Every structure is written in C-alpha cells, then in structure tokens.
Amino acid sequence: MARKDLIAGNWKMNATHLEAIQMVQKLGYRLDPSDYDRVDVLVCPPFTSLRSVQTVIEADYLRIKLGAQNVHWESGGAYTGEVSPGMLAKLGVSYVIVGHSERRQLFGEDDAVVAAKLRAVLGEGMTPIVCVGETLEQREQEVTEQVIGGQLQAALGGLDEATVGGLVVAYEPIWAIGTGRTADADTAAAACGYLREQVRSQWGDAADRTRVLYGGSVNPGNVAGLMAKRDIDGGLVGGASLDPDQMAALVRYWV
Ligand code: 13P
C-alpha cells in the first residue's frame, strides 16, 4: 500500500493569531490541487492560533490540515493551563505532535506521559505524530538505535496492528533540530528504516502503512535528497515552515 507523503510544519512558539492567519493564507495561495493530491500538507500552530487558522482553512476551502503541538491526556477537569484532546478534535485538528524532544527535555515529559498522550489523541480519532530522537552524545556513543527503538516501543507498546498502521512516527535527532546541521540523507534514512523494521518486527505489514518522517533543519535545499529515500515519508519542519514560500517549496520538493 502506497504511503502518502506528509510535510508537516511545526511552528513551535511562534506567530500571533494575526500572523498565523496571514501565514496560512499565503501558503494556500502558493499551493495547487495537484500539490495536495501528492502530499498531505499540515500546519501545527500554537494553541492560540488554532481557531483562527481553522476558520481560514474552512472559509477558503483550503486542503491544508490542522495539527496541534501538544495535548493533555485527560478529557477534562482540574488541570490548569492544559488542553484536552476533545477540545482539539472539535477545532478540526486532525494531527497532534506527541513526545517532541523539546517537550521531553524542557518540560520533563517521559515515555509514560508520551504513551498516555498518544492514546488520548487516538481516542478522539486524531493521528498522533510520535517523535523520537537521540542526543549528540548518544549518537557518538553509538546507542542511537537503542534510544529511538526504546522510545518507539514505550510509545507504541500494546497497540494493535490497525492502529500502528495509521500512525506517524517522526525521527528527529536532537543534534539536528534548529542547528542548521541536518542529518545527511543516508543517516536519516538509516534511522527511519530502523524504526520501520522495529514496527515490522511487532506489527508486521502495518510497517508498510506507518508513515515515518524526518525532522531536523529540513529546508528547501535538502528536502529532495531526504524525500528520495524509500523509508522517509515526509518532513517535520520547524524554522523553514514559518516562511510560506519555503513551506510551499518543501511541499513541492520534487519540482
Ligand atoms: P527545525 O526544522 O527548526 O530544525 O526544527 C525541527 C523540529 O523540531 C520540528 O519538530
């Protein structure tokens, strides 16, 4: 079964809702129906912009998909400052990033939290984008596979084959995030291929459906080389996704 490529923009903590409206409108102008036929295009703005971006997408009949960068695992209650999966689903959010390294490193999210969030996202019918990745130190110690394999297992363990086949996994080496230092295409593909084989070893043919993205300093200059790799089904893009011209160029990586 062919996997549809996915170019996902993670805007991180950038853009007011007014800026976000302009960004998504500009991106919409730059893309054609054939782009969406070939690639799923996703933007993940901060919570404060989700409603505004959803409104633009609906009003302009854009085929851009809406994602969130984080979520709480409970459905509601006394969790000051948190946002529930149901709130996101009602806003037209179809993807939610879980386990991003910035959340793991800066906000103390461990594997158990990531697993709980992933299940909560699935429970509302949305697609989790599960991030895994090693530090520079771990890469130098040659434990990359143990680290990302362990993170994958902790997040996906116990899920059934149909569920795993619908997931998105993002390999994001921490040393390549926001540093301008991209993993070269062979390095990225080796890690993505390893993750796919890990999925295959437990969930069989689901591995042919699970989309595996690469993230870390993806830009219009390096995207084609990454996308040429069989095991890389798209990109999870930070900095470059903030510029609609660059985001459109990423979507059109084959041109
Ligand atoms: P950059 O593309 O800015 O390196 O960020 C990658 C990332 O963390 C996407 O989630």
Using only Cα atoms, locate the centre of segment 59-86 and the centre of segment 153-175, then give the distance between them in Å, rounded to an integer. 20
Can you spot the lysines whose alpha carbon is less than 20 Å from K229's alpha carbon? Ignore those fewer than 8 places along the same chain. K4
If ligands, DNA and RNA are left out, what is the accessible area of T135 with a 1.4 Å probe, given in Å² to the nearest 10? 40
Residues whose built amide H sits under 5 Å from the amide H of I97, excluding neighbours closer than 5 in sequence, are A68, Q69, N70, I129
Please report the carbon-and-sulfur percent of the accessible area for the chain; probe 1.4 Å, protein heavy atoms only, DNA, RNA and ligands left out. 50
Neighbourhood net charge (10 Å Cβ-Cβ; Lys/Arg +1, Asp/Glu -1) for P220: -1
Just to confirm, what accessible area per residue do you get for the chain at 1.4 Å probe, in whole Å²? 44
Note, segment 64-72: 3J(HN,Hα) by Karplus (6.51, -1.76, 1.60, θ = phi - 60°), whole Hz, Gly/Pro = x, goes 6, 8, 10, x, 10, 8, 6, 6, 9
Consider a paramagnetic label point 7 Å from the Cα of N14 along Cα→Cβ; state which residues of segment 224-255 have an amide N under 18 Å from it. 235-252
So what is the calculated 222 nm ellipticity per residue for the chain, using -39500 (n - 2.57) for each DSSP H run with n of 4 or more, over all residues, to the nearest 500 deg cm²/dmol? -12500 deg cm²/dmol
Take the alpha carbon gyration tensor of the chain, find the square roots of its eigenvalues, order them as a ≥ b ≥ c, and report rounded if a/c is under 1.5; if not, report prolate when a/b exceeds b/c, else oblate. rounded
How much net charge surrounds L242 when only the other residues with a Cβ under 13 Å from the Cβ of L242 are counted, with Lys and Arg +1 and Asp and Glu -1? -1
Taking the Cβ of E161 as the centre, find all other residues whose Cβ is under 13 Å away and add up their charges (Lys, Arg: +1; Asp, Glu: -1). -1
According to the square roots a ≥ b ≥ c of the eigenvalues of the Cα gyration tensor, what is the shape class of segment 128-253, taking rounded for a/c under 1.5, prolate for a/b larger than b/c otherwise, and oblate for the remainder? oblate
With every protein chain in place, the accessible area of K229 for a 1.4 Å probe, in Å² rounded to the nearest 10, comes to 60
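The values are calculated or read from the model by the stated rules, or taken from the named source; none is laboratory data. In this text the structure is predicted, and so the values were computed from the model without any measurement. Reconstructed Cβ throughout: ideal geometry from the backbone, glycine too, with neighbour counts over all protein chains shown. Surface areas here come from the heavy atoms of the whole protein model, side chains and all, with no ligands, DNA or RNA. Shrake-Rupley method; radii C 1.70, N 1.55, O 1.52, S 1.80 Å.
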